[in-house]
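To start, the structure under review is shown below, and the notes come after it.
Any read-out appearing in this document is the output of simple, stated calculations on the displayed coordinates, not a laboratory observation. Everything numeric here is computed off the predicted structure, so don't read it as measured data. Ideal geometry is used to build each Cβ from the backbone, glycine not excepted, and the neighbour counts take in all protein chains shown.
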Amino acid sequence: MEINVNYADEVLGMCICMTCPSWVNCGEKGGYCLSMFGKSACIKDEKGCVCLQCQAFKRAGLSQISFCTRGSADEQSK
Ligand code: SF4
Ligand code: SF4
């Protein structure tokens with residue numbers, strides 16, 4: 001999937017990672033489902049994932065979860 005900067009901004013605007021039990025605040029903005037971000041540098045423990053409730057998730061028709069620990073949607077599709 002080709003991802004432009006505007007799309008990334010839109011996804012970040014919809015991202016609800018910061019409400020997730022797994023969220024660790026280390027200055028990241030979420031958007032881990034996007035290949036331009038992918039895995040988090042600080043979230044290591046999976047304590048749940050709220051991606052299923054995210055508008056960006058629904059719009060993109062994503063199927064995997066826990067992008068912060070497992071990698072972006074593209075990465076997990078490989
Ligand atoms: S699907 Fe998950 S990682 Fe992607 S924008 Fe939504 S909450 Fe963030
Ligand atoms: S990708 Fe999923 S598990 Fe990771 S912080 Fe976002 S909502 Fe939580």
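Residues are listed down the side, and each one gets a yes or a no for (1) charged (D, E, K, R); (2) surrounded by 16 or more Cβ atoms within 10 Å (Cβ to Cβ); (3) closer than 19 Å to LYS78 by Cβ; (4) within 11 Å of ligand 1 (Cβ to nearest atom):
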| residue | (1), (2), (3), (4) |
| --- | --- |
| VAL5 | no, no, no, no |
| ASP9 | yes, no, no, no |
| LEU12 | no, no, no, yes |
| PRO21 | no, no, no, no |
| ASN25 | no, no, no, no |
| GLY38 | no, yes, yes, yes |
| VAL50 | no, yes, no, yes |
| GLN53 | no, no, no, yes |
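Within the range 60-78, the residues that satisfy the criterion of being within 17 Å of SER22 (Cβ to Cβ) and either polar (S, T, N, Q) or in a loop (DSSP other than H, G, I, E, B) (or both) are LEU62, GLN64, ILE65, SER66, THR69, GLY71, SER72, GLN76.
Which of the residues belonging to the range 14-42 are in contact with a Phe, Trp or Tyr (Cβ under 7 Å, 6 or more places away or on another chain) and not basic (Lys, Arg)?
Taking the range 14-42 first, the residues in contact with a Phe, Trp or Tyr (Cβ under 7 Å, 6 or more places away or on another chain) are 17, 31-33, 38-40.
Within the range 14-42, CYS17, GLY31, TYR32, CYS33, GLY38, SER40 qualify.
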